[in-house]
Amino acid sequence: MYVVCNEHLEFAIEEFVETYEQPPDIYELHKVSFTDWTSPQICHYCDRAPRYLVV
């Protein structure tokens, strides 16, 4: 699972496919919510605000 900014979305997709050998599901963070999960405040790869959840 990756929580990433716009700039790192493609990188996260590539890494996910390389690891799991299948395409990920991609969600915009502002459109999803989970009861037992709080989104990280920074991108997995940098200090920017995240926009996407790649799972």
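The values are calculated or read from the model by the stated rules, or taken from the named source; none is laboratory data. Treat the numbers as computed from the prediction; the structure is a model and nothing was measured. Cβ atoms come from the backbone with ideal geometry, glycine included; neighbour counts cover every protein chain shown.
Taking the residues in segment 1-15 that are assigned to a loop (DSSP other than H, G, I, E, B) and closer than 15 Å to residue 48 by Cα as candidates, determine which candidate is farthest from the chain's Cα centre (by Cα). The selected residue is 7.
Restricting attention to segment 16-38 and to residues that are assigned to a loop (DSSP other than H, G, I, E, B) and at pLDDT 95 or above, the residue that is surrounded by the most Cβ atoms within 10 Å (Cβ to Cβ) turns out to be 24.
In segment 39-52, is there at least one residue being under 11 Å from the mean Cα position of the chain (by Cα), modelled with pLDDT of 95 or more and among the basic types (Lys, Arg)? Yes, some residue in segment 39-52 is under 11 Å from the mean Cα position of the chain (by Cα), modelled with pLDDT of 95 or more and among the basic types (Lys, Arg).
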